[in-house]
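Working notes for the structure below.
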Protein chains: 2
Amino acid sequence: MMKRAETSKKKTRIQAINQQRILDAALAIFSQFGFRGATLDQIAQHADLSKPNVLYYFRGKQDIYVTLMQQTLDQWLQPLVELDPTGDPVDEILKYALTKLEISRQNPQASRLFANEILHGAPMVKSVLEGDLKSLVDEKTSIIQRWIDEGKIIAVDPYHLIFMIWAITQHYADFDIQVTAVLGNSHSKDKCFDDAQSTITSILVNGLKTN
Amino acid sequence: MMKRAETSKKKTRIQAINQQRILDAALAIFSQFGFRGATLDQIAQHADLSKPNVLYYFRGKQDIYVTLMQQTLDQWLQPLVELDPTGDPVDEILKYALTKLEISRQNPQASRLFANEILHGAPMVKSVLEGDLKSLVDEKTSIIQRWIDEGKIIAVDPYHLIFMIWAITQHYADFDIQVTAVLGNSHSKDKCFDDAQSTITSILVNGLKTN
DNA sequence: CAAAAATTTGATCATTTGATAAGATTTTAA
DNA sequence: TTAAAATCTTATCAAATGATCAAATTTTTG
C-alpha cells in the first residue's frame, strides 16, 4: 500500500485522473462558496467520487485547497512575467492589461478563488504575496519607472498603475454578477468583454501618453 | 412580552444599544470570514453578548447578515446619486472616483462585506442589483453619454467607465492585504491612499479629456 | 493466473454550530 | 413599590461536516 502523492514521484493512471477530477471540482466549489463555505460532500459529488475516496487522494480539505491555490497563483503571475522592457511602453502595458482581461474571461473561477483568498486576508498565500509576487512586481515597476524617466509615458506611480490594471481586469470575473445585473441580462457576455476591452484601451492609451 | 424589532416601531434603549453592537460585531466578523465562515459564537463574543442573547435580537444568523447588507448597500450607492449633470464632466467623474476611494479608506470592512457577497453570486442582494442599482446606473450613464455626445469627454462606454471606477477604488479595500504585501510593510497606509489618489487622478483626467 | 498493490466503499465518530426552551434576572411603568 | 414587560442565561438539541477505519473490490505486476 503506497502512500499517495506526498513524497513519491510516479503517479498511477488512476491517480492522475482522479486528482485532476478533484481539483477541477474543487475549483468550481471553492470559487463559488469560499474555503469554509465549500463542503467535501459538494466537492466529492461534483467529482463523482465518494467522500472517503476524495480523502484517499488528499490529506484533507485544506490540502485540496492549498494545492489548487498554488496552481492558480502560478497562472496568475505568468502574464506579468512577460512584460517586455524592450517593447513599446504603452503597447506593453496595454498588452498586459488585455491579457489579464482575457484570463478573466476564460477562467473566471480561478479569479474568484484567488479574490476570495485575498479578501479574507490571504491566510494560505500571504507569504507568496510578500515573496514571489512582491519580487516580480518590484522588477516590473522599475521597468515602468524607467519608461517614465525617459518621458515615454505619463508620470504615475508604477505600483498603483499595476494595481489599477489588476483591479479593472479582475473586476469582470469577480463582480460578474453585478456587471451582468447592471448591464441587463440581454447583453451577451461576449459584447461585455469587447466593450470592456475598448474602454480599457481608450483610457489607458489616452491616459498614459505624455502631452 | 413584546416580539422584538419585526413589526413594532419603538425600540427600547437597550434594544438600540445591543442591536447596534451586534451589527458592529457582525460587520467585523462577516467581512473577515464571509457569511458561512463567520459563526454566531464569534459575533456574540465580539459584541460581548451571549449567543442566545444575540438571537434574542435577531431571528438568526441570516437575519443579522441581511440587515447589515441593507445598511451597507445604501451607503454604497449614495456617492453615485450625487453625480451632478450640471457640473464639469471631468470634475464630476473624478470627484465620484475620489469619493469612492475615500469610502474604501474609511470603511474597508463594509467594502469587503459587499465584495464577498457579490463574489459568491449575490445570493442575498441580487434583486437589489437588478433593481435599484441598475436604475441608478442607467440614469447616470445617460448623463455621461450626453457629455460624450457633446464632446466634453472621450468616447468610452459609460457603463464600463463606471465599472472601472468601482474596480479601482474598491481594490484598495478588498485587496488590501495584497496591496500591502506588494508595497512592503514599510509603506504607511496613508501614503498608499495618497499615491492611489494621484494615480487615479492622472489617468482619469488625462484619459477622459478629448484631444 | 495469482499475489501484491492500489483503489473504493460503507459505517461510524467527534466536533462544530445554528437554534430553541425554560426559567432567572433586570428594567420599566403604573 | 409592585406587577408586567423585557432581557439574559444555562442547558440542551439536531443537523452538518471533516475525518478515520476496516473491509471489499479493482487494478497492476511478476
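The values are calculated or read from the model by the stated rules, or taken from the named source; none is laboratory data. Just so it is clear, the structure is predicted and the values come from calculations on it, not from any experiment. Cβ coordinates were reconstructed from backbone atoms using ideal geometry, including for glycine residues, and neighbour counts include every protein chain displayed. Accessible surface is based on the protein model in full, side chains and every heavy atom, while ligands, DNA and RNA are left aside. Shrake-Rupley method; radii C 1.70, N 1.55, O 1.52, S 1.80 Å.
Being within 23 Å of A:S111 (Cβ to Cβ), among the hydroxyl-bearing types (S, T, Y) and open to solvent by 10 Å² or more (accessible area, probe 1.4 Å) is true for just one of B:T180, B:T169. Which residue is that?
B:T180
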remark   = From the option list B:D149, B:D88, B:D132, B:D157, single residue qualifying as at the interface with another protein chain (Cβ under 10 Å from one of its Cβ atoms) and either farther than 18 Å from B:Q78 by Cα or open to solvent by 10 Å² or more (accessible area, probe 1.4 Å) (or both) is B:D157
key: The lone exception for B:L161 - which of (1) in contact with a His (Cβ under 6 Å, 6 or more places away or on another chain); (2) touching a residue at least 40 places away in the same chain (Cβ under 8 Å) it fails   = (1)
ask   = Of all residues in the range A:39-52 being free of Cβ contacts under 8 Å to residues at least 12 places away in the same chain and within 11 Å of DNA strand C (Cβ to nearest atom), which is surrounded by the fewest Cβ atoms within 10 Å (Cβ to Cβ)?
value = A:P52
query = Do the conditions hold for A:I93, that is, is it aliphatic (A, V, I, L, M), within 12 Å of DNA strand D (Cβ to nearest atom) and in a helix (DSSP H, G or I)?
reply = no
query = Looking at B:D41, B:D48, B:D88, B:D74, which one is modelled with pLDDT under 95 and acidic (D, E)?
reply = B:D74
ask   = Of all residues in the range A:193-204, which are out of contact with any Asp or Glu (no Cβ under 9 Å at 6 or more places or on another chain) and more than 8 Å from every other protein chain (Cβ to nearest Cβ)?
value = A:D194, A:T201
query = All but one of (1) more than 7 Å from chain B (Cβ to nearest Cβ); (2) within 27 Å of A:S31 (Cβ to Cβ) hold for A:I168; which doesn't?
reply = (1)
note = Across (1) crowded, with 20+ Cβ neighbours inside 10 Å; (2) at the interface with chain B (Cβ under 7 Å from one of its Cβ atoms), A:E117 clears everything bar (2)
inquiry  = Suppose we filter the range A:58-73 for residues that are in a helix (DSSP H, G or I), within 11 Å of DNA strand D (Cβ to nearest atom) and either open to solvent by less than 60 Å² (accessible area, probe 1.4 Å) or more than 14 Å from chain B (Cβ to nearest Cβ) (or both); how many remain?
reply    = 4
remark   = Filtering the range B:73-123 down to residues that are in contact (Cβ under 8 Å) with a residue 12 or more places away in the chain and either at positive phi or touching a His at 6+ places or on another chain (Cβ under 9 Å) (or both) yields B:S104, B:R112, B:N116
task = Filter the range B:25-38 down to residues that are more than 9 Å from DNA strand C (Cβ to nearest atom) and open to solvent by less than 10 Å² (accessible area, probe 1.4 Å) and give me whichever is farthest from the other protein chains (Cβ to nearest Cβ).
result = B:A25
